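The values are calculated or read from the model by the stated rules, or taken from the named source; none is laboratory data. Computed from a prediction, not measured in an experiment: that's the story for all the values here. Because the Cβ atoms are built from the backbone with ideal geometry, glycine has one as well, and the counts that use them run over all protein chains shown. Accessible surface is based on the protein model in full, side chains and every heavy atom, while ligands, DNA and RNA are left aside. Shrake-Rupley method; radii C 1.70, N 1.55, O 1.52, S 1.80 Å.
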Amino acid sequence: MTDASFHTFAAELADLKERGLHRRERLVAGSQGSHVSLDGREVLLLCSNNYLGLADHPRLKEAAISAVERFGVSSGAARLVSGTMELHRALEERLARFKGTEGAIAFNGGYPANVGIIQALVGRGDTVYSDRLNHASIVDGCLLSRAEVVRYTHNDMAALRRLMEKNRGRGRQLIVTDGVFSMDGDLAPLKELATIKREFGALLMVDDAHGTGVLGAGGRGSVELCGVAGDVDVQMGTLGKGLGSFGAYAAASAEIVDYLRNKARSYIFSTSLPPAVLAASLAAIDLVDSPEGAMLRERLARHAGQFRVTLAGAGFDTMGSATQIVPVLVGEPAPTMEFSRLLLEEGFFVQGIRPPTVPAGSCRLRCTLMATHSDEELSAALAAIIRIGRQLAVIG
(Lines give C-alpha, C1' and ligand atoms only; values in the text may rest on other atoms or scores of the structure.)
Protein backbone atom coordinates (compact mmCIF):
# COMPACT_ATOMS: atom_id res chain seq x y z
CA MET A 1 0.00 0.00 0.00
CA THR A 2 1.35 3.41 -0.95
CA ASP A 3 1.75 6.42 1.33
CA ALA A 4 -0.92 8.15 -0.75
CA SER A 5 -3.41 5.44 0.19
CA PHE A 6 -2.71 5.99 3.86
CA HIS A 7 -3.20 9.72 3.47
CA THR A 8 -6.52 9.09 1.72
CA PHE A 9 -7.83 6.99 4.63
CA ALA A 10 -6.61 9.54 7.17
CA ALA A 11 -8.32 12.38 5.29
CA GLU A 12 -11.58 10.45 5.10
CA LEU A 13 -11.45 9.62 8.80
CA ALA A 14 -10.75 13.27 9.60
CA ASP A 15 -13.74 14.27 7.46
CA LEU A 16 -16.00 11.85 9.35
CA LYS A 17 -14.86 13.34 12.65
CA GLU A 18 -15.40 16.90 11.44
CA ARG A 19 -18.96 16.09 10.35
CA GLY A 20 -19.78 14.28 13.58
CA LEU A 21 -20.09 10.92 11.81
CA HIS A 22 -17.06 9.09 13.18
CA ARG A 23 -17.92 6.00 15.21
CA ARG A 24 -16.17 4.02 17.88
CA GLU A 25 -17.06 0.93 19.80
CA ARG A 26 -17.99 1.02 23.48
CA LEU A 27 -16.60 -1.86 25.53
CA VAL A 28 -19.26 -3.68 27.52
CA ALA A 29 -18.04 -5.89 30.37
CA GLY A 30 -20.00 -8.88 31.60
CA SER A 31 -23.18 -10.38 30.20
CA GLN A 32 -25.85 -8.61 28.14
CA GLY A 33 -28.42 -7.92 30.83
CA SER A 34 -30.62 -4.92 31.46
CA HIS A 35 -27.61 -3.38 33.21
CA VAL A 36 -24.06 -3.55 31.87
CA SER A 37 -20.66 -2.31 32.93
CA LEU A 38 -19.47 0.34 30.48
CA ASP A 39 -16.00 1.78 30.93
CA GLY A 40 -15.99 0.44 34.48
CA ARG A 41 -19.37 1.93 35.42
CA GLU A 42 -22.78 0.27 35.68
CA VAL A 43 -25.40 1.78 33.36
CA LEU A 44 -28.94 0.95 32.28
CA LEU A 45 -28.79 -0.61 28.81
CA LEU A 46 -31.32 1.03 26.48
CA CYS A 47 -29.78 0.20 23.10
CA SER A 48 -29.71 -3.60 22.99
CA ASN A 49 -31.81 -5.89 20.78
CA ASN A 50 -31.99 -8.42 23.63
CA TYR A 51 -35.68 -7.61 23.90
CA LEU A 52 -36.84 -10.50 26.11
CA GLY A 53 -33.66 -10.56 28.20
CA LEU A 54 -32.78 -14.10 27.09
CA ALA A 55 -29.10 -13.48 26.30
CA ASP A 56 -28.10 -14.40 29.85
CA HIS A 57 -31.09 -16.59 30.73
CA PRO A 58 -30.09 -19.67 32.78
CA ARG A 59 -31.90 -22.09 30.45
CA LEU A 60 -29.99 -20.85 27.40
CA LYS A 61 -26.67 -20.94 29.24
CA GLU A 62 -27.27 -24.47 30.49
CA ALA A 63 -28.23 -25.67 27.01
CA ALA A 64 -25.09 -24.13 25.49
CA ILE A 65 -22.79 -25.65 28.11
CA SER A 66 -24.33 -29.11 27.70
CA ALA A 67 -23.95 -28.88 23.92
CA VAL A 68 -20.25 -28.03 24.20
CA GLU A 69 -19.68 -30.98 26.49
CA ARG A 70 -21.40 -33.36 24.06
CA PHE A 71 -20.62 -31.89 20.61
CA GLY A 72 -17.54 -29.69 21.09
CA VAL A 73 -17.13 -26.06 20.09
CA SER A 74 -17.18 -26.11 16.28
CA SER A 75 -19.09 -27.74 13.44
CA GLY A 76 -15.84 -27.98 11.50
CA ALA A 77 -17.16 -27.35 7.99
CA ALA A 78 -19.85 -25.89 5.78
CA ARG A 79 -23.27 -27.52 5.88
CA LEU A 80 -22.96 -29.29 2.51
CA VAL A 81 -19.53 -30.73 3.36
CA SER A 82 -19.54 -32.27 6.85
CA GLY A 83 -20.91 -29.39 8.87
CA THR A 84 -24.51 -30.54 9.32
CA MET A 85 -24.84 -31.92 12.84
CA GLU A 86 -27.82 -33.32 14.74
CA LEU A 87 -28.46 -29.95 16.31
CA HIS A 88 -28.68 -28.19 12.93
CA ARG A 89 -31.44 -30.54 11.85
CA ALA A 90 -33.20 -30.28 15.22
CA LEU A 91 -33.15 -26.47 15.12
CA GLU A 92 -34.50 -26.29 11.57
CA GLU A 93 -37.30 -28.71 12.34
CA ARG A 94 -38.16 -26.73 15.49
CA LEU A 95 -38.11 -23.44 13.56
CA ALA A 96 -40.47 -24.85 10.93
CA ARG A 97 -42.94 -25.93 13.62
CA PHE A 98 -42.59 -22.58 15.36
CA LYS A 99 -43.27 -20.62 12.17
CA GLY A 100 -45.88 -23.03 10.80
CA THR A 101 -44.02 -23.72 7.55
CA GLU A 102 -42.98 -26.89 5.74
CA GLY A 103 -39.31 -26.24 6.30
CA ALA A 104 -36.61 -23.91 7.58
CA ILE A 105 -32.92 -23.32 6.91
CA ALA A 106 -30.42 -21.80 9.34
CA PHE A 107 -27.92 -19.11 8.38
CA ASN A 108 -24.95 -17.64 10.24
CA GLY A 109 -26.58 -14.25 10.85
CA GLY A 110 -29.16 -11.81 9.55
CA TYR A 111 -26.82 -10.17 7.07
CA PRO A 112 -25.68 -13.41 5.37
CA ALA A 113 -29.27 -14.67 5.45
CA ASN A 114 -30.69 -11.71 3.56
CA VAL A 115 -27.81 -11.57 1.11
CA GLY A 116 -28.03 -15.31 0.45
CA ILE A 117 -31.82 -15.53 0.18
CA ILE A 118 -32.32 -12.59 -2.17
CA GLN A 119 -29.33 -13.50 -4.34
CA ALA A 120 -30.78 -17.02 -4.70
CA LEU A 121 -34.40 -16.06 -5.41
CA VAL A 122 -33.83 -13.46 -8.13
CA GLY A 123 -31.19 -12.69 -10.75
CA ARG A 124 -30.68 -11.06 -14.12
CA GLY A 125 -33.99 -10.49 -15.89
CA ASP A 126 -35.96 -10.46 -12.61
CA THR A 127 -37.26 -7.53 -10.55
CA VAL A 128 -37.06 -7.00 -6.80
CA TYR A 129 -39.14 -4.33 -5.02
CA SER A 130 -37.59 -3.05 -1.79
CA ASP A 131 -38.91 -0.57 0.77
CA ARG A 132 -36.64 2.49 0.96
CA LEU A 133 -36.13 1.98 4.70
CA ASN A 134 -35.19 -1.69 4.46
CA HIS A 135 -32.11 -2.86 6.36
CA ALA A 136 -28.69 -2.55 4.72
CA SER A 137 -28.48 -6.34 4.40
CA ILE A 138 -31.57 -6.31 2.19
CA VAL A 139 -30.16 -3.45 0.13
CA ASP A 140 -26.91 -5.34 -0.40
CA GLY A 141 -28.73 -8.59 -1.17
CA CYS A 142 -30.73 -6.80 -3.86
CA LEU A 143 -27.59 -5.34 -5.43
CA LEU A 144 -25.72 -8.66 -5.37
CA SER A 145 -28.63 -10.47 -7.00
CA ARG A 146 -28.11 -8.51 -10.23
CA ALA A 147 -31.87 -8.26 -10.62
CA GLU A 148 -33.44 -4.92 -11.45
CA VAL A 149 -33.92 -3.18 -8.10
CA VAL A 150 -36.95 -0.93 -7.67
CA ARG A 151 -37.15 0.95 -4.37
CA TYR A 152 -40.56 2.21 -3.29
CA THR A 153 -41.42 5.01 -0.86
CA HIS A 154 -41.57 3.73 2.70
CA ASN A 155 -44.81 1.80 3.31
CA ASP A 156 -46.46 3.49 0.29
CA MET A 157 -48.61 0.77 -1.21
CA ALA A 158 -50.03 2.98 -3.97
CA ALA A 159 -46.48 3.73 -5.14
CA LEU A 160 -45.56 0.04 -5.02
CA ARG A 161 -48.61 -0.94 -7.07
CA ARG A 162 -47.79 1.68 -9.73
CA LEU A 163 -44.20 0.47 -9.99
CA MET A 164 -45.24 -3.17 -10.25
CA GLU A 165 -47.78 -2.36 -12.93
CA LYS A 166 -45.07 -0.59 -14.90
CA ASN A 167 -42.74 -3.60 -14.65
CA ARG A 168 -45.34 -6.35 -15.00
CA GLY A 169 -44.02 -9.39 -16.85
CA ARG A 170 -40.31 -8.65 -16.36
CA GLY A 171 -39.15 -12.00 -15.03
CA ARG A 172 -39.67 -13.22 -11.48
CA GLN A 173 -41.06 -10.54 -9.16
CA LEU A 174 -39.98 -10.37 -5.51
CA ILE A 175 -41.29 -7.94 -2.89
CA VAL A 176 -39.04 -7.70 0.16
CA THR A 177 -39.68 -5.70 3.32
CA ASP A 178 -38.72 -5.48 6.95
CA GLY A 179 -41.58 -6.59 9.20
CA VAL A 180 -40.39 -4.17 11.89
CA PHE A 181 -38.19 -1.33 10.62
CA SER A 182 -35.13 -1.37 12.83
CA MET A 183 -34.49 2.38 13.08
CA ASP A 184 -38.09 3.65 13.19
CA GLY A 185 -39.83 0.86 15.08
CA ASP A 186 -42.86 0.96 12.80
CA LEU A 187 -44.52 -1.99 11.07
CA ALA A 188 -44.83 -2.88 7.40
CA PRO A 189 -48.42 -2.99 6.06
CA LEU A 190 -48.26 -6.74 5.58
CA LYS A 191 -51.95 -7.26 4.81
CA GLU A 192 -51.76 -4.82 1.91
CA LEU A 193 -48.45 -6.30 0.75
CA ALA A 194 -50.05 -9.73 0.72
CA THR A 195 -52.89 -8.41 -1.44
CA ILE A 196 -50.44 -6.84 -3.91
CA LYS A 197 -48.33 -10.01 -3.98
CA ARG A 198 -51.39 -12.07 -4.98
CA GLU A 199 -52.52 -9.48 -7.53
CA PHE A 200 -49.20 -9.52 -9.38
CA GLY A 201 -48.21 -13.13 -8.83
CA ALA A 202 -45.07 -12.07 -6.97
CA LEU A 203 -43.05 -13.64 -4.19
CA LEU A 204 -43.18 -11.92 -0.79
CA MET A 205 -40.26 -12.00 1.65
CA VAL A 206 -40.46 -10.51 5.15
CA ASP A 207 -37.40 -9.83 7.30
CA ASP A 208 -38.77 -10.32 10.81
CA ALA A 209 -35.50 -9.88 12.67
CA HIS A 210 -37.04 -7.48 15.19
CA GLY A 211 -40.40 -9.26 15.46
CA THR A 212 -39.29 -12.85 16.07
CA GLY A 213 -40.06 -13.92 19.63
CA VAL A 214 -41.64 -10.57 20.43
CA LEU A 215 -44.72 -9.90 18.29
CA GLY A 216 -47.88 -11.92 17.82
CA ALA A 217 -49.81 -13.99 20.34
CA GLY A 218 -47.22 -16.76 20.21
CA GLY A 219 -44.15 -14.66 19.47
CA ARG A 220 -44.07 -15.76 15.83
CA GLY A 221 -43.48 -12.19 14.71
CA SER A 222 -45.11 -9.51 12.59
CA VAL A 223 -46.42 -12.08 10.11
CA GLU A 224 -48.41 -13.71 12.93
CA LEU A 225 -49.45 -10.32 14.31
CA CYS A 226 -50.90 -9.30 10.92
CA GLY A 227 -52.40 -12.72 10.16
CA VAL A 228 -50.69 -13.19 6.79
CA ALA A 229 -48.55 -16.29 7.34
CA GLY A 230 -50.13 -18.10 4.38
CA ASP A 231 -49.22 -15.26 2.00
CA VAL A 232 -45.55 -14.84 2.90
CA ASP A 233 -43.26 -17.03 0.80
CA VAL A 234 -40.12 -16.50 2.89
CA GLN A 235 -40.05 -15.50 6.54
CA MET A 236 -36.54 -14.51 7.52
CA GLY A 237 -35.72 -13.93 11.16
CA THR A 238 -32.77 -13.76 13.50
CA LEU A 239 -31.91 -15.80 16.57
CA GLY A 240 -29.77 -13.10 18.19
CA LYS A 241 -32.35 -10.46 19.11
CA GLY A 242 -35.60 -11.49 20.79
CA LEU A 243 -34.33 -15.08 21.04
CA GLY A 244 -31.10 -14.06 22.77
CA SER A 245 -28.80 -16.38 20.81
CA PHE A 246 -27.07 -15.99 17.41
CA GLY A 247 -27.71 -16.72 13.74
CA ALA A 248 -30.73 -16.46 11.47
CA TYR A 249 -33.19 -18.55 9.48
CA ALA A 250 -35.52 -18.65 6.53
CA ALA A 251 -38.86 -20.42 7.03
CA ALA A 252 -40.66 -21.36 3.82
CA SER A 253 -42.09 -24.19 1.75
CA ALA A 254 -40.06 -27.38 1.44
CA GLU A 255 -39.37 -26.48 -2.19
CA ILE A 256 -37.98 -23.02 -1.42
CA VAL A 257 -35.90 -24.34 1.48
CA ASP A 258 -34.39 -27.01 -0.77
CA TYR A 259 -33.73 -24.36 -3.42
CA LEU A 260 -31.94 -22.13 -0.89
CA ARG A 261 -29.74 -25.03 0.23
CA ASN A 262 -28.59 -25.37 -3.35
CA LYS A 263 -28.43 -21.70 -4.37
CA ALA A 264 -27.75 -19.43 -1.36
CA ARG A 265 -24.02 -18.72 -1.55
CA SER A 266 -23.71 -17.39 2.01
CA TYR A 267 -25.09 -20.74 3.22
CA ILE A 268 -23.10 -22.98 0.88
CA PHE A 269 -19.71 -21.36 1.45
CA SER A 270 -19.74 -20.72 5.23
CA THR A 271 -18.73 -22.92 8.14
CA SER A 272 -21.98 -23.67 9.94
CA LEU A 273 -23.22 -22.45 13.32
CA PRO A 274 -21.48 -24.06 16.34
CA PRO A 275 -23.23 -26.48 18.73
CA ALA A 276 -23.51 -24.08 21.67
CA VAL A 277 -25.40 -21.54 19.55
CA LEU A 278 -27.73 -24.17 18.12
CA ALA A 279 -28.61 -25.56 21.54
CA ALA A 280 -29.18 -22.09 23.01
CA SER A 281 -31.47 -21.25 20.08
CA LEU A 282 -33.52 -24.40 20.62
CA ALA A 283 -33.88 -23.54 24.30
CA ALA A 284 -34.92 -19.99 23.40
CA ILE A 285 -37.72 -21.15 21.08
CA ASP A 286 -39.04 -23.49 23.77
CA LEU A 287 -38.96 -20.63 26.26
CA VAL A 288 -40.78 -18.26 23.89
CA ASP A 289 -43.45 -20.97 23.51
CA SER A 290 -43.88 -21.24 27.30
CA PRO A 291 -45.97 -19.26 29.82
CA GLU A 292 -42.76 -17.46 30.81
CA GLY A 293 -42.33 -16.34 27.21
CA ALA A 294 -45.89 -15.02 27.09
CA MET A 295 -45.28 -13.10 30.32
CA LEU A 296 -42.09 -11.57 28.96
CA ARG A 297 -43.85 -10.45 25.74
CA GLU A 298 -46.69 -8.90 27.69
CA ARG A 299 -44.26 -7.07 29.96
CA LEU A 300 -42.23 -5.81 26.99
CA ALA A 301 -45.33 -4.56 25.18
CA ARG A 302 -46.46 -2.69 28.31
CA HIS A 303 -43.03 -1.10 28.76
CA ALA A 304 -42.89 -0.02 25.11
CA GLY A 305 -46.40 1.43 25.10
CA GLN A 306 -45.80 3.50 28.22
CA PHE A 307 -42.42 4.68 26.93
CA ARG A 308 -43.83 5.85 23.59
CA VAL A 309 -46.83 7.59 25.15
CA THR A 310 -44.71 9.45 27.72
CA LEU A 311 -42.19 10.66 25.12
CA ALA A 312 -44.89 11.75 22.68
CA GLY A 313 -46.72 13.55 25.48
CA ALA A 314 -43.54 15.48 26.27
CA GLY A 315 -43.33 16.65 22.65
CA PHE A 316 -40.81 14.22 21.14
CA ASP A 317 -41.26 12.82 17.64
CA THR A 318 -41.12 9.02 17.99
CA MET A 319 -41.41 8.57 14.22
CA GLY A 320 -44.45 6.29 14.11
CA SER A 321 -43.01 3.62 16.37
CA ALA A 322 -45.42 0.82 17.26
CA THR A 323 -42.95 -1.60 18.84
CA GLN A 324 -40.19 -1.96 21.43
CA ILE A 325 -37.92 0.16 19.21
CA VAL A 326 -38.63 3.78 20.15
CA PRO A 327 -36.67 6.45 18.26
CA VAL A 328 -36.33 10.01 19.53
CA LEU A 329 -35.84 12.31 16.54
CA VAL A 330 -33.15 14.97 17.06
CA GLY A 331 -32.09 15.95 13.55
CA GLU A 332 -28.39 16.71 13.21
CA PRO A 333 -25.38 14.62 14.29
CA ALA A 334 -23.81 16.96 16.87
CA PRO A 335 -26.86 17.45 19.14
CA THR A 336 -27.75 13.78 18.77
CA MET A 337 -24.38 12.65 20.07
CA GLU A 338 -24.41 15.30 22.80
CA PHE A 339 -27.83 13.98 23.88
CA SER A 340 -26.38 10.46 24.04
CA ARG A 341 -23.33 11.65 25.98
CA LEU A 342 -25.38 13.50 28.58
CA LEU A 343 -27.65 10.50 29.08
CA LEU A 344 -24.64 8.27 29.61
CA GLU A 345 -23.32 10.70 32.24
CA GLU A 346 -26.55 10.06 34.13
CA GLY A 347 -26.24 6.28 33.78
CA PHE A 348 -28.40 5.59 30.70
CA PHE A 349 -26.73 4.00 27.67
CA VAL A 350 -28.64 5.07 24.53
CA GLN A 351 -26.85 5.19 21.18
CA GLY A 352 -27.18 8.08 18.78
CA ILE A 353 -27.91 6.97 15.22
CA ARG A 354 -26.45 8.97 12.31
CA PRO A 355 -25.95 8.64 8.54
CA PRO A 356 -25.41 6.39 6.71
CA THR A 357 -27.61 4.25 9.00
CA VAL A 358 -30.41 6.82 8.70
CA PRO A 359 -30.98 9.61 6.15
CA ALA A 360 -29.33 12.99 6.66
CA GLY A 361 -31.41 15.26 8.86
CA SER A 362 -33.06 12.36 10.72
CA CYS A 363 -30.43 11.58 13.36
CA ARG A 364 -32.01 10.12 16.46
CA LEU A 365 -31.63 8.33 19.72
CA ARG A 366 -32.68 4.71 19.24
CA CYS A 367 -34.18 3.53 22.52
CA THR A 368 -34.87 -0.18 22.79
CA LEU A 369 -36.88 -1.64 25.64
CA MET A 370 -36.32 -4.97 27.36
CA ALA A 371 -38.78 -7.10 29.30
CA THR A 372 -36.25 -7.22 32.13
CA HIS A 373 -36.26 -3.45 32.68
CA SER A 374 -38.18 -2.38 35.77
CA ASP A 375 -40.88 0.29 35.79
CA GLU A 376 -38.74 2.41 38.10
CA GLU A 377 -35.70 2.20 35.81
CA LEU A 378 -37.70 3.26 32.77
CA SER A 379 -39.35 6.11 34.67
CA ALA A 380 -35.91 7.42 35.62
CA ALA A 381 -34.72 7.10 32.03
CA LEU A 382 -37.76 8.97 30.72
CA ALA A 383 -37.25 11.78 33.21
CA ALA A 384 -33.63 12.14 32.06
CA ILE A 385 -34.56 12.10 28.36
CA ILE A 386 -37.21 14.76 28.85
CA ARG A 387 -34.96 16.96 30.98
CA ILE A 388 -32.01 16.76 28.58
CA GLY A 389 -34.30 17.15 25.58
CA ARG A 390 -35.44 20.50 26.98
CA GLN A 391 -31.89 21.47 27.83
CA LEU A 392 -30.82 20.86 24.20
CA ALA A 393 -34.00 22.48 22.81
CA VAL A 394 -35.08 19.25 21.13
CA ILE A 395 -38.46 19.85 22.78
CA GLY A 396 -39.88 23.05 24.24
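Observations
- ³J(HN,Hα), Karplus 6.51/-1.76/1.60, whole Hz, each residue of region 252-267, x for Gly, Pro: 6, 5, 4, 5, 5, 4, 4, 4, 5, 4, 9, 10, 7, 5, 5, 7
- Bridge type composition, region 58-289 - antiparallel percent by DSSP, nearest 5: 40
- In this structure, Lys17 and Glu346 have a Cβ-Cβ separation that, at R0 = 35 Å, corresponds to a calculated FRET efficiency of about 0.90.
- Among 262-270, 138-146, 29-37, the peptide with the highest mean count of other Cβ atoms within 10 Å heads the list, and the full ranking is 138-146, 262-270, 29-37.
- Working from Cα pairs under 8 Å separated by at least six residues, relative contact order for the chain is 21 percent.
- Order by protection proxy (mean Cβ within 10 Å, highest first), peptides 157-163, 236-242, 20-26: 236-242, 157-163, 20-26
- Of the solvent-accessible surface of the chain, computed with a 1.4 Å probe over protein heavy atoms with every protein chain present, carbon and sulfur atoms account for 53 percent.
- For a straight C-alpha distance cut-off of 27 angstrom, the lysines reachable from Lys263 (same-chain residues fewer than eight places away being disregarded) are Lys99, Lys197, Lys241.
- Put simply, the convex hull of the Cα atoms in the chain casts, on average, a shadow of 21.1 nm².
- Coupling constants for region 207-217 follow from the phi torsions by the Karplus curve (6.51 cos²θ - 1.76 cosθ + 1.60, θ = phi - 60°), and in residue order they are 8, 9, 3, 9, x, 4, x, 10, 9, x, 4 Hz; glycine and proline get x.
- Relative to the compact-globule estimate of 2.2 N^0.38 Å, the Cα radius of gyration of region 1-153 comes out at 1.43.
- Alpha carbon centroid spacing (whole Å) that separates region 275-296 from region 343-396: 29
- Treating each Cα of region 58-289 as one equal point scatterer and applying the Debye formula with no solvent, the log10 of I(q)/I(0) at q = 0.17 Å⁻¹ comes out as -1.18.
- Straightening the chain between Glu25 and Arg168 buys 46.9 nm, computed as 0.36 nm per residue apart minus the Cα-Cα spacing.
- Value of [θ]222 nm, deg cm²/dmol, for the chain, DSSP H segments ≥ 4, -39500 (n - 2.57) each, nearest 500: -14000 deg cm²/dmol
- Cβ crowding within 10 Å averaged over residues, with 80-86, 170-176, 295-301 ranked highest first: 170-176, 295-301, 80-86
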